[in-house]
Amino acid sequence: MAESPSHRFGQIIGELLEEILLPILENFCKERDLYLDRHGDRVGVRSGRKVTWEDKDGNKHDLDFVIEKGATATLLGRPVAFIESAWRRYTKHSRNKAQEIQGAVLPIAEKYQNDSPFLGVVLAGVFTQNSLDQLKSVGFRVVYIPYQGVMESFAKIGINARFDESTPDEDFAECVRQIEALPKKTAIRFQGPPAAGQQGAI
């Protein structure tokens, strides 16, 4: 079954969030002699490429970034931070995504509660204030980049990425084509005005 252009667009935003976060986290870890675990091979620690951690009940969860102390590429360390990122376009999906992040990270954090790991999440798009408050209430530090800020960032490089549920697939496909055709070194910075009392920039 062919992947829809709208689904691919969502994947691209998610990938961009991780690409933007990566150098920030790498610099943070380098300055503090910490190890940043991210998607990729880690022989001796895991068999696959996903950042998979096991919770207190033995369930496995795939995460975006984990910062570890006393770790190397071949040696698992103690978790210092769990950091997730996510994009959602519509409010009807935001609560489910917040609950998904909470459900994946909190059982692992509980397993390592003696290490008091930092819990962070970078959200972009449309998230309700209730979904943001829910994450903060259970210990997450939240950076939120509103939908408007993401769209303005694309507009600055000549791409109209605005859409809604009535947008034709061919418009989505053209937007995806333009984004995927961008030079590798194209700088994209997501930034936006406050939304429901929250703001963020990366």
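Using a Gaussian network model of the chain in which every pair of alpha carbons under 10 angstrom is joined by a spring, one finds that among Gln134, Gln113, Gln148 the greatest mean-square fluctuation is at Gln113. For the chain, the membrane-span-like helix rule (DSSP H, alpha carbon extent of at least 24 Å along the helix axis, mean Kyte-Doolittle at least -0.5) picks out 5-32; this says nothing about an actual membrane.
In segment 1-89, Cα pairs under 8 Å separated by at least six residues give a relative contact order of 25 percent. Among the chymotrypsin sites (Phe, Trp or Tyr not before Pro) found in segment 69-162, those both in a DSSP coil and sparsely packed, with 16 or fewer other Cβ atoms within 10 Å of their Cβ, are Tyr90, Tyr112. The mean sequence separation of alpha-carbon pairs under 8 Å and at least six residues apart, normalised by the residue count of the chain, gives a relative contact order of 18 percent. Report the Stokes-Einstein translational diffusion coefficient (µm² s⁻¹, integer) for segment 5-180, Rh taken as the Kirkwood radius over Cα pairs, at 25 °C with viscosity 0.890 mPa s. This corresponds to a translational diffusion coefficient of 141 µm²/s. Taking the chain as a Gaussian network of alpha-carbon nodes connected by springs under 10 Å, the highest mean-square fluctuation of the residues Lys60, Lys184, Lys156 belongs to Lys184. When the GluC sites (Glu not before Pro) in segment 1-76 are filtered for DSSP coil states and for at most 12 other beta-carbon atoms within 10 Å of their beta-carbon, the remaining sites are Glu3. With a Förster radius of 41 Å applied to the beta-carbon distance between Lys30 and Ser166, the computed FRET efficiency rounds to 0.35.
In segment 5-180, a dipole from Cβ-located charges (positive for Lys and Arg, negative for Asp and Glu) runs towards its positive end, and of Thr52, Gln178, Gly70 it is Gly70 whose Cα lies farthest in that direction. Using a Gaussian network model of the chain in which every pair of alpha carbons under 10 angstrom is joined by a spring, one finds that among Asn27, Asn114, Asn130 the greatest mean-square fluctuation is at Asn114. Taking the helices alone, the chain has a mean residue ellipticity at 222 nm of -13000 deg cm²/dmol, built from -39,500 (n - 2.57) per DSSP H run of at least 4 residues and averaged over all its residues.
Relative to the current alpha-carbon distance between Thr128 and Ser116, full extension at 0.36 nm per residue lengthens the span by 1.5 nm.
Straight-line cross-link reach from Lys30 at under 17 Å between alpha-carbon atoms covers these lysines, not counting any fewer than eight positions away in the same chain: Lys69. With both labels modelled 7 Å from their Cα along Cα-to-Cβ, the Leu182 to Arg46 distance reads 2.6 nm.
Each reported figure results from applying straightforward, stated rules to the coordinates on display, with no laboratory input. Keep in mind the model is a prediction, meaning the values are calculated, not measured. With ideal geometry, Cβ positions are generated from the backbone for all residues, glycine too; neighbour counts draw on all protein chains shown.
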